[in-house]
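Accompanying notes for the structure given below.
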Amino acid sequence: MDSVSVNRFRDNLKALLHQSADDWEREQETLYVLQNCSLMRQLAESAATHNQGNGYIPKEEEIHEITRL
C-alpha cells in the first residue's frame, strides 16, 4: 500500500501525519467539495429534495450498476 507523510499545522504547532495515499486522496476530494460553493449548494438541494421525498429515483438497472461495484 502506498502511503504519504504530510506536515500539518494547527495553532502554530507542527504535526506529522502518516496515512495511505488513498485516504489522502479522499481527504483532498472532500476538502475540494467543502470549499466549493456550487458543489455545496448542489449537496444542500439534493438533501432537501431527498428529505421531501421528491428526489431522483434511479431505475432498477441503475441501482444494479451501482451495487455491482
request  = Look at the stretch 32-42 and say how many of its residues are part of a loop (DSSP other than H, G, I, E, B) and either of a type in the set (A, V, I, L, M, F, W, C) or at pLDDT below 95 (or both).
outcome  = 0
note = Of Glu29, Glu61, Glu25, Glu45, the only residue that is part of a helix (DSSP H, G or I) and either on the phi > 0 side of the Ramachandran plot or more than 20 Å from the chain's Cα centre (by Cα) (or both) is Glu61
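The values are calculated or read from the model by the stated rules, or taken from the named source; none is laboratory data. These figures come from a predicted structure and were not determined experimentally.
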